[in-house]
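Heads up, the thing below is written out as structure tokens.
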Amino acid sequence: MTDLTREATGTIAESTMTDFEIKNLRVSVEGREILKGISLGISKGQVHAVMGPNGSGKSTLSHTLMGHPNYKVTGGEVLFKGQNILLLPTEQRAKLGLFLALQYPVVVPGITMSNFLRTALNAKRGYDGKDKSKAISPKEFRALLKDEMAVLRMDDSFLPRYVNEGFSGGEKKRAEILQMAILKPEIAILDETDSGLDIDSIKFVSEAVNRMRGPGLGVLIITHYTRVLKFITPDFVHVLVNGEFVLSGGPEVADRLEAKGYSEWVKESPTKEVK
Ligand code: ADP
Ligand code: MG
């Protein structure tokens, strides 16, 4: 008997449950159903990729997971640490250990990167502005920032800048990766982290994600393109078309998409209007 099966015995009830479980999720935007009952389980230590053509519902999935009010959940649940996170406010989801990097990061004028990072970290630590013992000390925070920025090869000039204001595509992604490195989430969802990036930035972001990979982190990469998956090899690939998963498998699914695109399921053309 292998260690794996030995470990599995006795925990049969749990073995069907992953750490982060999307179950039969249905989502409507402005009265139109976009996600039509999708299910996907992510365990810590795994990297999953959701791939699909434009308009298939990829960003709808990431916005829903983060709790954007425009995305109306009409069915299903998302279980994480014994809770249906869809019922929790966004900051509670983050506090549980969920991290979302959005396709289009927002600009936050007037808030510097370092303030933003410290506030986000303190919120995760449960500091609500009252109990100072929960807040990270300025000294500890500076040391943490310094370490993480050294690993990411980012220079200090980032820190006094306002969040995402005037950042290039590559800088925005680096800022997000830094946020992820500081917050150390258990589940990270990266939406089109590769879009609009030059190849050096893609490599940089991939390297950073690969460094963070490990038994304590589950990753969901959402992307249209196969190119980021050349640098981050996913354990599982799921193809989303028209709000439904049409194919799931190992990394070979990405190779198939690389060769054939999404032509098996949709006719794609650059001018195609997304209905
Ligand atoms: P993807 O990220 O795969 O390109 P999206 O999830 O962004 O796809 O979009 C899926 C569908 O939902 C598209 O038809 C899009 O027009 C629609 N949609 C997404 N967000 C909104 C929104 N905020 N308002 C109206 N329609 C939306
Ligand atoms: Mg998108």
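Could you say whether any residue in the range 114-122 is loosely packed, with under 11 Cβ neighbours inside 10 Å and either in a helix (DSSP H, G or I) or touching a residue at least 60 places away in the same chain (Cβ under 8 Å) (or both)?
The answer is no, given that none of the residues of the range 114-122 is loosely packed, with under 11 Cβ neighbours inside 10 Å and either in a helix (DSSP H, G or I) or touching a residue at least 60 places away in the same chain (Cβ under 8 Å) (or both).
I'm trying to understand the selection: among the residues of the range 156-171, which are modelled with pLDDT of 85 or more and open to solvent by 20 Å² or more (accessible area, probe 1.4 Å)?
Listed by number, the residues that qualify are Asp156, Ser157, Leu159, Pro160, Arg161, Tyr162, Glu165, Gly166.
For the range 235-244: of the residues being closer than 25 Å to Glu186 by Cβ and open to solvent by 50 Å² or more (accessible area, probe 1.4 Å), which is nearest to ligand 1 (Cβ to nearest atom)?
Per the stated criteria, the residue is Phe236.
Here is a check on your reading of the model: is Val274 modelled with pLDDT of 90 or more and more than 14 Å from the chain's Cα centre (by Cα)?
Considered against the rule, which asks whether it is modelled with pLDDT of 90 or more and more than 14 Å from the chain's Cα centre (by Cα), Val274 comes out as no.
Out of all the residues in the range 55-91, which are within 12 Å of ligand 2 (Cβ to nearest atom), in a loop (DSSP other than H, G, I, E, B) and open to solvent by 30 Å² or more (accessible area, probe 1.4 Å)?
Gly55
Where residues in the range 216-234 are surrounded by fewer than 16 Cβ atoms within 10 Å (Cβ to Cβ) and not hydroxyl-bearing (Ser, Thr, Tyr), which of them is nearest to ligand 2 (Cβ to nearest atom)?
Arg227
Pairs, please: C-beta under 9 Å, at least 6 apart or cross-chain, first residue within 19 Å of Gly41 (Cα to Cα) and in the range 81-92, second polar (S, T, N, Q)?
These pairs meet every condition: Gln83/Gln92; Ile85/Gln92; Leu86/Thr64.
Among the residues of the range 11-29, write down those that are modelled with pLDDT under 95, outside any helix (DSSP H, G or I) and open to solvent by 80 Å² or more (accessible area, probe 1.4 Å).
Within the range 11-29, Thr16, Met17 meet the criteria.
Just one of Arg213, Arg174 is out of contact with any strand residue (DSSP E or B) (no Cβ under 6 Å at 6 or more places or on another chain), over 18 Å from Thr90 (Cβ atoms) and open to solvent by 70 Å² or more (accessible area, probe 1.4 Å); which is it?
Arg213
Picking from Leu88, Leu79, Leu65, Leu96, which residue would you name as being within 21 Å of Lys184 (Cα to Cα), under 18 Å from the mean Cα position of the chain (by Cα) and within 16 Å of ligand 1 (Cβ to nearest atom)?
Leu65
Identify the residue in the range 45-54 that is buried (at least 18 other Cβ atoms within 10 Å of the Cβ) and either among the hydroxyl-bearing types (Ser, Thr, Tyr) or in a loop (DSSP other than H, G, I, E, B) (or both) and, among all such residues, is farthest from ligand 2 (Cβ to nearest atom).
Applying the filter and picking the extreme gives Gln46.
The values are calculated or read from the model by the stated rules, or taken from the named source; none is laboratory data. Everything numeric in this text was worked out from a predicted model, so none of it was measured. Note that each Cβ is placed from the backbone with ideal geometry, even for glycine, and that neighbours are counted across all protein chains shown. Just the protein is used for accessible areas: all its heavy atoms, side chains included, with ligands, DNA and RNA removed. Shrake-Rupley method; radii C 1.70, N 1.55, O 1.52, S 1.80 Å.
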